[in-house]
Amino acid sequence: MDCPEINNAPTDMMHRRTLLPFCGRFLWLGVSVAIQTDSQTVLRAAEKTGFLPQGSCKSESQLRWEIVSELPDATQPDDWPCKVTVDNHSLFLSMGAAQWFAFDFESGEGAGFVSACDRDANAVKYLFEISCHVGDCLRSRPERSRWS
Amino acid sequence: MVATAIAETTLALSTQRLLFAGQPVLFRTNSAQLAMYARDYLPEGGDAISHSTPARAAITVHVRDNDERCEDAAHFRARGHFAYARFTVADSFWFNLRTREVFGTCSPELTDDHRRWRAHIFPALLGILSAGIGVAPIHAACLVRDGRGVLLAGRSGAGKSTLTVALARRGYELLSDDWSYLSAPEDAVDRESVQAWGLPVPVKLLPDASGFFPELCTCQVAVSLNGEIAYEVFPEECFAVERSLHCPVMNVVLLSRRAEPGCAMLPVSPNEALDYLQAELEPLEGVLACGYRKQLDLIRHAVESASCHRFFFNDHPGKAAEALDEALAGMS
């Protein structure tokens, strides 16, 4: 069973400080991406989505993402749509009732929440949407030159 | 794919410069109705476009042209400098706290729900934004008499709201019953410049409060945003008490229930009060670490300039308020 323990302190009302013990470093679209997470499912899903494993996270990465795995929301259908919102600095992806990912073009940092407990297919779909939309934006933005 | 470019909102009908906890914030929307709610909720902070001091943050709300129903679906998550807030199935609000920008969308039906904006949406958005703009949210009620602010700090269920209403009925101006916001001008974080600020939110009283306040007999309890069953009433309407917007903090009172009947107030060290208030603050790291240090400084400055006490009580709220009022009067 690959589910995180729920142990949020009283001051952590927005689940900001969930520990993320796993880290994978990948090559993706010519840039290095470190994905820190509390679920091996997320790292497996990244590989299945075209992120090439590059060893440990000890090396510096150009993009740094944190993805928190949560228990599935019972009301969330499997065929959730991905809603995309873009501004000058950020890309926001809403993927069903309780899943999202946000990416900051300037800092290269990203963060999100996914229902990944024993749900490889859902995590793959989540990473696939991130890959498509963040990838599209990176290809068309000047910040890319900073990372490649 | 359903895509929204925030540039769509360059057609925004309204851009207002408003003050949250003394900090200028731009509020942009394509809805005249939301613009009016925001103007009623927060004081104006000068001209939106030409003011010389830049706004500390921007909130943009885009009302979509759809018929989504606004069923409750509260969901709040944050990681790093990003946050996401949703109140119903018909809205979503994104935060980038590094750039201090909030972007939200909602349905026309939610736009019509003025009470929800006043009671839940505006305070939650501003509370989340606090971390990015050097405002310290503190879990304490605040009352004001003769321009002197009194913070009442206590865990949830300690009786903050009940005692706040009881003190307000004795003539104190009510600033907040649950969350207050410490702030100072950007270039001056010192004892003199720190002020406590409130938001015009409802007070939340547990069902047994109707035994103390007969005004509640005509009100209905409801499920509040955190799932508690409670009365949520606007105190100026329900109890005809006065509101105050901000004040200097002169007293910090830690609330403790006690087993034996009656009330007693004892001095505590500023460090005890400081530890208590800082422990309720959410620790922040990364690009928000600097803002977190400023929040800790604000709390420290507020406490250092105040008299600090612990109030032990086990009495009818009216009698407890009377005892606390007398003790505070003896200090001023």
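The values are calculated or read from the model by the stated rules, or taken from the named source; none is laboratory data. Please read all numbers here as calculations on a predicted model, not as lab measurements. Don't worry about glycine lacking a Cβ; one is built from the backbone with ideal geometry, like all the others, and counts go over all protein chains shown.
Output the number of residues of region A:90-132 satisfying the condition of being farther than 21 Å from A:E47 by Cβ and at the interface with chain B (Cβ under 9 Å from one of its Cβ atoms). Lay out the reasoning, then the answer.
Filtering region A:90-132 down to residues farther than 21 Å from A:E47 by Cβ leaves A:90-92, A:94, A:96-98, A:100, A:102, A:104-107, A:109.
Now narrow it down to the ones that are at the interface with chain B (Cβ under 9 Å from one of its Cβ atoms): A:90, A:92, A:94, A:97-98, A:100, A:102, A:104, A:106-107, A:109.
Going through region A:90-132 one residue at a time, the tally reaches 11.
Output the number of the condition that B:R243 fails; it satisfies all remaining conditions of (1) of a type in the set (D, E, K, R); (2) touching a Ser or Thr at 6+ places or on another chain (Cβ under 9 Å); (3) under 30 Å from B:D72 (Cβ atoms).
Answer for B:R243: the failing condition is (2).
Rundown of residues vs (1) in contact with a Leu (Cβ under 8 Å, 6 or more places away or on another chain); (2) assigned to a strand (DSSP E or B); (3) surrounded by fewer than 16 Cβ atoms within 10 Å (Cβ to Cβ); (4) modelled with pLDDT of 95 or more, yes/no style:
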| position | (1), (2), (3), (4) |
| --- | --- |
| B:T10 | no, no, yes, no |
| B:L18 | yes, yes, no, yes |
| B:A38 | yes, no, no, yes |
| B:A48 | yes, no, no, no |
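Residues to consider are B:A141, B:A209, B:A184; find the one that is under 19 Å from B:F122 (Cα atoms), hydrophobic (A, V, I, L, M, F, W, C) and either modelled with pLDDT of 95 or more or crowded, with 17+ Cβ neighbours inside 10 Å (or both). Spell out the reasoning first.
Values: B:A209 fails: under 19 Å from B:F122 (Cα atoms); B:A184 fails: under 19 Å from B:F122 (Cα atoms).
Testing whether each residue is under 19 Å from B:F122 (Cα atoms), hydrophobic (A, V, I, L, M, F, W, C) and either modelled with pLDDT of 95 or more or crowded, with 17+ Cβ neighbours inside 10 Å (or both) leaves just B:A141.
Taking into account only those residues within region B:86-99 that are in a loop (DSSP other than H, G, I, E, B) and in contact (Cβ under 8 Å) with a residue 12 or more places away in the chain, which is nearest to B:L18 (Cα to Cα)?
Step one: of region B:86-99, the residues in a loop (DSSP other than H, G, I, E, B) are B:89-90, B:97-99.
Those still in the list that are in contact (Cβ under 8 Å) with a residue 12 or more places away in the chain too: B:89-90, B:97-98.
Details: B:V89: 28, B:A90: 25, B:L97: 18, B:R98: 20 Å.
The qualifying residue nearest to B:L18 (Cα to Cα) is B:L97.
Could you look through region B:71-81, keep only residues that are farther than 24 Å from B:L42 by Cα and not basic (K, R), and pick out the one that is surrounded by the fewest Cβ atoms within 10 Å (Cβ to Cβ)? Outline the logic, then answer.
Applying the first criterion (farther than 24 Å from B:L42 by Cα) to region B:71-81 yields B:71-73, B:75, B:77-81.
Now drop any that are not not basic (K, R), which leaves B:71-73, B:75, B:78, B:80-81.
Details: B:E71: 9, B:D72: 11, B:A73: 15, B:H75: 17, B:A78: 25, B:G80: 24, B:H81: 25.
Only one residue fits best here, namely B:E71.
Looking only at residues in region A:90-107 that are modelled with pLDDT of 90 or more and surrounded by fewer than 20 Cβ atoms within 10 Å (Cβ to Cβ), which one is farthest from A:T18 (Cα to Cα)?
Step one: filter region A:90-107 for residues modelled with pLDDT of 90 or more, giving A:90-95, A:99-107.
Going one step further and asking which of them are surrounded by fewer than 20 Cβ atoms within 10 Å (Cβ to Cβ), we end up with A:106-107.
Numbers: A:E106: 25, A:S107: 22 Å.
Among those residues, the one meeting the criterion is A:E106.
Within region B:269-288, track down each residue that is touching a Phe, Trp or Tyr at 6+ places or on another chain (Cβ under 9 Å) and under 27 Å from B:G147 (Cβ atoms).
Of all residues in region B:269-288, those touching a Phe, Trp or Tyr at 6+ places or on another chain (Cβ under 9 Å) come to B:281-285.
If the condition is that a residue be touching a Phe, Trp or Tyr at 6+ places or on another chain (Cβ under 9 Å) and under 27 Å from B:G147 (Cβ atoms), then B:L281 is the only one that fits.
Tell me, please, whether a residue that is acidic (D, E), at the interface with chain B (Cβ under 10 Å from one of its Cβ atoms) and without any contact (Cβ under 8 Å) to a residue 12 or more places away in the chain can be found in region A:73-89. Spell out the reasoning first.
Going residue by residue through region A:73-89, those that are acidic (D, E) are A:73, A:78-79, A:87.
Still in the running and at the interface with chain B (Cβ under 10 Å from one of its Cβ atoms): A:73, A:87.
Cutting the leftovers down to without any contact (Cβ under 8 Å) to a residue 12 or more places away in the chain gives us A:87.
Yes, region A:73-89 has at least one match.
Just name the residue that is farthest from A:W65 (Cα to Cα) out of those in region A:109-123 that are crowded, with 20+ Cβ neighbours inside 10 Å and touching a Lys or Arg at 6+ places or on another chain (Cβ under 8 Å).
Once the filter is applied, the top-ranked residue is A:A123.
Is it the case that some residue within region B:61-69 is on the phi < 0 side of the Ramachandran plot, at the interface with chain A (Cβ under 9 Å from one of its Cβ atoms), among the hydrophobic types (A, V, I, L, M, F, W, C) and crowded, with 21+ Cβ neighbours inside 10 Å?
Of all residues in region B:61-69, those on the phi < 0 side of the Ramachandran plot come to B:61-69.
Filter once more, keeping what is at the interface with chain A (Cβ under 9 Å from one of its Cβ atoms): none.
No - not one qualifying residue is present in region B:61-69.
Go through (1) of a type outside the set (F, W, Y); (2) more than 12 Å from chain A (Cβ to nearest Cβ); (3) buried (at least 22 other Cβ atoms within 10 Å of the Cβ); (4) out of contact with any Lys or Arg (no Cβ under 9 Å at 6 or more places or on another chain) and name the single condition B:N96 misses.
(2)
Looking only at region A:30-51, which residues are assigned to a loop (DSSP other than H, G, I, E, B) and surrounded by 17 or more Cβ atoms within 10 Å (Cβ to Cβ)? Lay out the reasoning, then the answer.
Taking region A:30-51 first, the residues assigned to a loop (DSSP other than H, G, I, E, B) are A:30, A:38-39, A:49-51.
Residues satisfying the conditions are A:D38, A:S39, A:T49, A:F51.
I'm checking my understanding of the structure. Among residues of region B:99-125 that are farther than 27 Å from B:F234 by Cβ and touching a helix residue (DSSP H, G or I) at 6+ places or on another chain (Cβ under 6 Å), which one is surrounded by the most Cβ atoms within 10 Å (Cβ to Cβ)?
So the residue we want is B:F103.
For region B:100-177, give me every one of the helices (runs of 4 or more DSSP H) that falls completely inside it and has 3 or more residues that are within 13 Å of the chain's Cα centre (by Cα) and within 23 Å of B:H75 (Cα to Cα).
On the way: elements: B:108-111, B:122-129, B:160-168.
Qualifying helices (runs of 4 or more DSSP H): B:122-129.
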